[in-house]
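As structure tokens, the structure follows; a few thoughts come after it.
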Amino acid sequence: MLGPSCRRENGPDAPRCSHCGGTLAVAILEVVRGNVPEKVHFLKPRNYTIGRARHNDLSLSEASISKLHARILYEDRQFSIEDAESLHGVYLDTPRCSGRCSIRAPWSSSAT
């Protein structure tokens with residue numbers, strides 16, 4: 001992954017650029033409900049699995065979370081989320097997500 005300012009290569013697990021110190025995260029996931037120790041997760045441009053099991057990329061130890069609850073997908077410089085047939089479902093800004101749902105930043109403009 002390239003540093004945001006210096007455009008130099010970094011390791012895949014580096015949270016910050018080892019050359020310029022800039023963050024390598026391109027999005028933030030905030031958990032707004034539940035009793036989980038980490039409420040904010042910094043996302044890099046890659047795919048993630050979310051669930052209660054420890055082998056997930058984002059492990060949320062909450063009773064209402066399935067072992068494999070959802071997948072966050074990164075394609076064409078955009079994130080989307082899909083429910084992994086979890087019992088309680090996935091919600092984005094209140095509506096339940098069925099299938100794959102596009103995640104848009106609140107500051108994004110629909111005009112191109």
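We did not get these values from a lab; they are worked out from the coordinates using the rules stated. Keep in mind the model is a prediction, meaning the values are calculated, not measured. Neighbour counts run over all protein chains shown; Cβ positions are idealised from the backbone, glycine included.
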Starting from the Cα of E9, move 7 Å in the Cα-to-Cβ direction to define the label point; list residues of region 31-73 whose amide nitrogen is under 18 Å from there.
-> 45
Among I81, G21, G11, flag the residue with its Cα farthest along the positive direction of the charge dipole of the chain, charges on Cβ as +1 for Lys/Arg and -1 for Asp/Glu.
-> G21
Mind checking region 29-112 for chymotrypsin sites (Phe, Trp or Tyr not before Pro) that DSSP puts in a loop (not H, G, I, E or B) and that have at most 12 other Cβ atoms within 10 Å?
-> W107
The chain: most fluctuating residue of D13, D83, D93 per GNM, C-alpha cutoff 10 Å | D93
Coil-residue GluC sites (Glu not before Pro) of region 1-109, DSSP, other Cβ within 10 Å capped at 12 | E38, E85
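Give me the Å³ per residue figure for the convex hull around the C-alpha atoms of region 46-102.
Values: hull volume 4.3 nm³, N = 57.
Cα-based convex hull of region 46-102, divided per residue, equals 76 Å³.
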Evaluate E = 1/(1 + (r/R0)^6) for A84 and S64, where r is the Cβ-Cβ distance and R0 equals 22 Å; express this FRET efficiency to the nearest 0.05.
-> 0.95
Rule-of-thumb check for the chain: C-alpha Rg over 2.2 N^0.38 Å?
-> 1.15
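Can you check what the net charge comes to around R52, using other residues whose Cβ is under 12 Å from the Cβ of R52 (Lys, Arg +1; Asp, Glu -1)? If you can, show how the numbers build up before the last one.
Numbers: positive: R54, K67; negative: E62.
Neighbourhood net charge equals +1.
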